[in-house]
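**Student:** Have a look at this one before I ask anything.
Computed from the coordinates by the stated procedures, all read-outs in this text should not be read as laboratory data. Bear in mind that the values here come from a model prediction, so they are computed numbers and not experimental data. All Cβ positions, even for glycine, are placed from backbone atoms using ideal geometry, and neighbour counts span all protein chains on display.
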Amino acid sequence: MKNVIKRTVCAALTAVSLSACVVVPSALNTTASKTALVNSIEAEAAFSPFYGTISILGTSLRDRPNGRNIAKLWQFTPVYVTDETRVGRNYWYKVKTPDGEGWVNGRYVDKCSTEEYIIRSKFAEGKRIAFVTARKGIGCKKSPSMNAASAGTIWFMGTAEIERIWPTSSDGIVWAQLTDGSFLPLTNGKSMNSVDLMTKEQAARMRSLYY
C-alpha cells in the first residue's frame, strides 16, 4: 500500500513538473526573466481601483499611454482609476471621467474619498444646487473651516447655488463655495452631510413633494 501511495505522489509531481516546463517559455529560463515575470504578476495582483481627481489644469486624456490626445481635463475633474501600467519611468492610469475613458499620466492624479468623488461627479453633471435634508439645517461658514465665523444657516428643504467645490481640507471635509461667497460643508470628515446636489428642476420637484 505504501508503494502505491509513493508511486501516485511521484507521478503527480512529475506531471506538475512537465506541465510547468510546457507552460513557461524558454525565454524565461534565466533568473532575471523569471524575476521580471514575478514582479509583473505581483504588481498586477496588488493594483486596486480607486477614486481620484485631476491635479493639473489641462491634463491630457489619451487613447493609450503616451498616445493620442482625446480630451483636456479640468483641475479637480473626478476620475475612477481602473488600471495602471508603467511606460519608462512614468505610471499611466486608465480612467473613467465625465469626458469619457482613456489614459492619463499618474503624476496628475490625486487619490480622493468616495464622498468627494460622488460630489464632484454630480457637480460635473451640472447638479449645482445644494439641497439640505437635515431637519435642523446646516450652518455655513465665512471660510472653509469649521472654526470660521458663521455665515448663516440653510434650513430643512432649503437650497443654495454652488460656485465650486473646494479641495478636501486637512480634516477631511469637502466644502462647497456658494454663489453668495459663503461655504457649506458637504461632508463631516467621515461621511456625507444631509445635503444632496441637484439641478434646479430636481430641487423644485423635491420641494413640491413636501409642500
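**Student:** Pull out a ≥ b ≥ c, the square roots of the eigenvalues of the alpha-carbon gyration tensor of segment 50-111, then state rounded if a/c is under 1.5, prolate if not and a/b is larger than b/c, and oblate in the remaining case.
**Tutor:** It is rounded, given that a/c, with a ≥ b ≥ c, falls under 1.5.
**Student:** Using alpha carbons only, how many angstrom separate the centre of segment 63-100 from the centre of segment 172-201?
**Tutor:** So the separation of the two Cα centres works out to 27 Å.
**Student:** Considering only the other residues whose Cβ falls under 9 Å of the Cβ of Ala151, what net charge follows from Lys and Arg at +1 and Asp and Glu at -1?
**Tutor:** +1
**Student:** I need Ser182, Ser60, Ser208, Ser194 ordered by Cβ neighbour count within 10 Å, fewest first.
**Tutor:** Arranged by neighbour count, lowest to highest, Ser182, Ser60, Ser208, Ser194 become Ser208, Ser194, Ser60, Ser182.
**Student:** Quick check on my link table: of Lys96/Lys136; Lys111/Lys142; Lys94/Lys136; Lys72/Lys122, which ones sit more than 31 Å apart, alpha carbon to alpha carbon?
**Tutor:** With Cα atoms farther than 31 Å apart: Lys96/Lys136; Lys94/Lys136.
**Student:** Can I ask one more? Please rank Tyr211, Tyr80, Tyr117, fewest neighbouring Cβ atoms within 10 Å first, as an exposure proxy.
**Tutor:** Lowest to highest Cβ neighbour count: Tyr211, Tyr80, Tyr117.
**Student:** Moving to a separate point now. List the residues whose amide H sits under 5 Å from the amide H of Thr153, counting only those 5 or more places along or on another chain, with H placed 1.01 Å from N in the peptide plane.
**Tutor:** Cys140
**Student:** Mean separation of Cα pairs under 8 Å and 6+ residues apart, divided by the residue count of segment 50-111: what relative contact order is that in percent?
**Tutor:** For segment 50-111, the relative contact order is 37 percent.
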